[in-house]
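One structure is given below, encoded as structure tokens.
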Amino acid sequence: MNIADLFLPLLLAVFVIMMFRKQKKTTQTVAQQRSQMVPGTEVMTQFGLFGRIVSVDQEENKAVLELSPGNTATVHLQALTKVVTIPAEEAASAEDTVVPDDASSLTLGKDTNGSTDAAVGRDAAAPRDETPEETLERLNRDEKKEN
């Protein structure tokens, strides 16, 4: 028997062993992620949708995700691919962030010529009263600047 005759079966055996090791590692990773997926956990789905788990039904293989306050979606458990972890610093700053109900904050703090209120001497936190005519005039000027 020559060494070339042993090479092919040996290569096949190594390939099979590596395949089983990879499958075992993948199974362990999935099991670890499944144990983390409890109600209240932020997750990402296979199709890129982020949400918070509301409930998990292991028998039906379903999870209910809250995508935004009041909006829920039911997905298959296999669609949950990643547990999203937010660093403590970002979580604290995200809770302090105030989201306005309208677009007034987009122009708040900017003068019509683009300088900030602080540079002009006004308090940036104080809301500016603008008449509808002034708003229309400002929007027309901004549109001309963009073109």
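The values are calculated or read from the model by the stated rules, or taken from the named source; none is laboratory data. None of these values were measured; they are calculated from a predicted model. Positions of Cβ are generated from backbone atoms using ideal geometry, with glycine treated the same way; all protein chains shown enter the neighbour counts.
Summary of values
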| quantity | calculated |
| --- | --- |
| Scope segment 42-71; condition surrounded by 14 or more Cβ atoms within 10 Å (Cβ to Cβ) and under 16 Å from the mean Cα position of the chain (by Cα); matching residues | GLU42, VAL43, MET44, THR45, LEU49, GLY51, ARG52, ILE53, LEU65, GLU66 |
| Subset tally (residues that are among the β-branched types (Val, Ile, Thr) and part of a helix (DSSP H, G or I)) for segment 9-66 | 7 |
| Matching option when the condition is modelled with pLDDT of 65 or more and closer than 30 Å to ARG141 by Cα, among ASP117, ASP102, ASP111, ASP96 | ASP102 |
| Some residue of segment 136-143 being at pLDDT below 85 and loosely packed, with under 10 Cβ neighbours inside 10 Å | yes |
